[in-house]
Amino acid sequence: MNNIKRYNIFILLSTLSRNIPEVYSAVLLYKMNYSLKDILLFFTVLYLLGALTSVITIYILNKIKSKYILILSSIIFSLSFYYMSIMPKTTKSLLIFSIIYSIGSYTYHTLRHYYAIKALEDNKKENIGNILIFTNIAIILSSLIGGYIQSKLSTFALALFVVILSIVSFIPLFKFEASIGKEKIKYQKIEKNKLKFFILEQAKVINLSLQPLYLYLFVNSKITYVGIYNVILGISSCIFIYFFTRKVNDKKYFKYLNIIFCLFLLLKLNIYNKYLILIIGLFEGLGIKMFEIVSSENIYNIKKDTNIGGYLLLVELIFCITRSIMCLIGYLINNIKIILYLTIVLIFLVGFVKRDINKDC
C-alpha cells in the first residue's frame, strides 16, 4: 500500500469521526440558547486560537511524533463536545469550549495538510480528486450517522464514538513512508496571487460554517434536515469531482463555474421551500467541490525543495487570522443573511484571481 492510499483511508475515517460534531456545532450552540452573536464570538476565538495552535503544532513536530499528536488531538476534540454537553449557558463557558475545540481541531488540520503534501509526491490532479472523493464519502456517512446520534443518543456517546474512530483512523499512518516534521522551519514566501486566493477563499469556509444554522433558522428546524442537505451535497460532489478532475480544465473554466456557484448560493438565500432547497443543494455541491479542487491544488502545488513546515505555518496563519477577522466583522453585523451575502461577494471575487498552478510559491 502506497502513501496516497494510506492517506485516503486516514482522511476517510478521520473526516467521518470529526465531521459529525463539526457540521452541527453552530446549530447545537443555538439550541443551547446561544445567540448568533455568541456563535460568531465562538468562531472568532476558535480561529484566532487556531492560528496559535497551528504554529505550536508545527514547531513541536521535531520533538513529538505526529501520531502521538494526532491521538492527543482526537481525545481533546472529543472532550470539547463532552464539555459542551455539560457546560452552563455563559459566555465564560463558551470561551472555554472554543479553546478546547480549537486545540483539538487545529492540531489535526495542520497535520492533515502536512501528510497530504507528503503523500502527493507528483501532485497529480487525479490524486487530489481522489482525496476529496474519500472526504465526501465520509461527509455523507457522517451526516447520516450524526443526525441519528444527535436525535437518539447522548453527547457523551457522540464524544466516545469520535475518539474511538479517530484513533482507528491513524493506524494507516503508522507505516507512512515519509518523515513528518523532521526539518528545520524556514520562512517561505507565498506568491501574490496565491495569497489573494487564500484570503478570499476563507469566505467559503465561513459560509459553510453558518449554512447549517441558516437552514435550521429559515428552512427547517430539524437537525435531520440539515443532515439530509449535507448528504445531497456529498453525493453530487463525488460525481462532480470524478469528472472535473479528469475532464475539465479548471484553469480555463473556474471563473465561469464559480459565477454559477455564486448564483446558486444567492438563490438559496431567497427560497424557503425545503424541497426546492434540497434541489439547490444538489447543484451547490457541484460548486463547492469545484472550488475545493482548485483550492487543494493551490495549497499542495509546491516545489520539491519547499520547507513544508515553514510553508504550512504561514498558510495556516493566513487561513485562521482571515477567518477570525471575517467572523469578528460578522459579530458586529449580527445578521446571518447579510453575513452570507457578503461571503458570496468574496467567493465571487475569487474567480477573478489569476492562477498559475505551474508557478510555485
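In this structure, does GLU297 turn out to be more than 21 Å from ILE235 (Cβ to Cβ) and open to solvent by 10 Å² or more (accessible area, probe 1.4 Å)? Explain how you work it out, then say what you get.
Values: more than 21 Å from ILE235 (Cβ to Cβ): yes; open to solvent by 10 Å² or more (accessible area, probe 1.4 Å): yes.
Answer is yes for this residue.
Could you check the stretch 162-178 and list, in sequence order, the residues that are open to solvent by less than 70 Å² (accessible area, probe 1.4 Å), modelled with pLDDT of 70 or more and hydrophobic (A, V, I, L, M, F, W, C)?
The initial filter retains those residues of the stretch 162-178 that are open to solvent by less than 70 Å² (accessible area, probe 1.4 Å), namely 162-163, 165-170, 172-173, 176, 178.
Among the residues that remain, those that are also modelled with pLDDT of 70 or more are: 162-163, 165-170, 172-173, 176.
Hits for the stretch 162-178 are VAL162, VAL163, LEU165, ILE167, VAL168, PHE170, LEU173, PHE176.
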Inset, instruction - Of the conditions (1) closer than 26 Å to ASN207 by Cα; (2) over 21 Å from the mean Cα position of the chain (by Cα); (3) open to solvent by less than 50 Å² (accessible area, probe 1.4 Å), ASN3 clears all except one; give me its number. - result: (1)
Inset, instruction - Determine whether the stretch 136-143 contains at least one residue that is open to solvent by less than 60 Å² (accessible area, probe 1.4 Å), among the aliphatic types (A, V, I, L, M) and at pLDDT below 75. - result: no
Inset, instruction - Identify all residues within the stretch 285-317 that are within 15 Å of ILE58 (Cα to Cα) and of a type outside the set (S, T, N, Q); write none if there are none. - result: ILE308, GLY309, GLY310, TYR311, LEU312, LEU313, LEU314, VAL315, GLU316, LEU317
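Can you confirm whether LEU94 is part of a helix (DSSP H, G or I), within 16 Å of LEU28 (Cβ to Cβ), touching a residue at least 40 places away in the same chain (Cβ under 8 Å) and open to solvent by 10 Å² or more (accessible area, probe 1.4 Å)? Even if it seems obvious, please write down each step before you answer.
On the way: part of a helix (DSSP H, G or I): yes; within 16 Å of LEU28 (Cβ to Cβ): yes; touching a residue at least 40 places away in the same chain (Cβ under 8 Å): yes; open to solvent by 10 Å² or more (accessible area, probe 1.4 Å): no.
For LEU94, the condition - part of a helix (DSSP H, G or I), within 16 Å of LEU28 (Cβ to Cβ), touching a residue at least 40 places away in the same chain (Cβ under 8 Å) and open to solvent by 10 Å² or more (accessible area, probe 1.4 Å) - is not met.
Anything in the stretch 303-315 that is touching a helix residue (DSSP H, G or I) at 6+ places or on another chain (Cβ under 6 Å), of a type outside the set (Gly, Ala, Ser) and open to solvent by less than 20 Å² (accessible area, probe 1.4 Å)? List them, or say none.
Step one: of the stretch 303-315, the residues touching a helix residue (DSSP H, G or I) at 6+ places or on another chain (Cβ under 6 Å) are 308-309, 312-313.
When the remaining residues are screened for being of a type outside the set (Gly, Ala, Ser), the result is 308, 312-313.
Of everything in the stretch 303-315, those that are touching a helix residue (DSSP H, G or I) at 6+ places or on another chain (Cβ under 6 Å), of a type outside the set (Gly, Ala, Ser) and open to solvent by less than 20 Å² (accessible area, probe 1.4 Å) turn out to be ILE308, LEU312.
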Legend entry - Long-range neighbours under 8 Å by Cβ, at least six apart or interchain, first residue assigned to a loop (DSSP other than H, G, I, E, B) and modelled with pLDDT of 90 or more within the stretch 179-208, second of a type in the set (Val, Ile, Thr) and exposed (fewer than 14 other Cβ atoms within 10 Å of the Cβ): none
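Considering the stretch 258-280 alone, what residues qualify as being in contact with a Lys or Arg (Cβ under 8 Å, 6 or more places away or on another chain) and surrounded by 20 or more Cβ atoms within 10 Å (Cβ to Cβ)?
At the first step, the residues of the stretch 258-280 found to be in contact with a Lys or Arg (Cβ under 8 Å, 6 or more places away or on another chain) are 269, 277, 280.
Within the stretch 258-280, just ILE277 meets the criteria.
Out of TYR83, TYR101, TYR47, which single residue is assigned to a helix (DSSP H, G or I), surrounded by 14 or more Cβ atoms within 10 Å (Cβ to Cβ) and at pLDDT 95 or above?
Numbers: TYR83 fails: at pLDDT 95 or above; TYR101 fails: at pLDDT 95 or above.
Among TYR83, TYR101, TYR47, only TYR47 is assigned to a helix (DSSP H, G or I), surrounded by 14 or more Cβ atoms within 10 Å (Cβ to Cβ) and at pLDDT 95 or above.
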Legend entry - Lone unmet requirement of (1) of a type outside the set (Ser, Thr, Tyr); (2) crowded, with 24+ Cβ neighbours inside 10 Å; (3) not in a helix (DSSP H, G or I) for LEU16: (3)
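Helices (runs of 4 or more DSSP H) wholly in the stretch 273-361 with at least 1 residues that are more than 20 Å from the chain's Cα centre (by Cα) and at pLDDT 95 or above - which ones?
On the way: elements: 274-300, 308-333, 336-350.
Correct list: 308-333, 336-350.
The values are calculated or read from the model by the stated rules, or taken from the named source; none is laboratory data. Note that this is a predicted model, so its numbers are computed, not measured. As a convention, Cβ positions derive from the backbone with ideal geometry for all residues, glycine included, and neighbour counts pool all protein chains shown. To get the accessible areas, we keep the full protein, side chains included, count just its heavy atoms, and leave off ligands, DNA and RNA. Shrake-Rupley method; radii C 1.70, N 1.55, O 1.52, S 1.80 Å.
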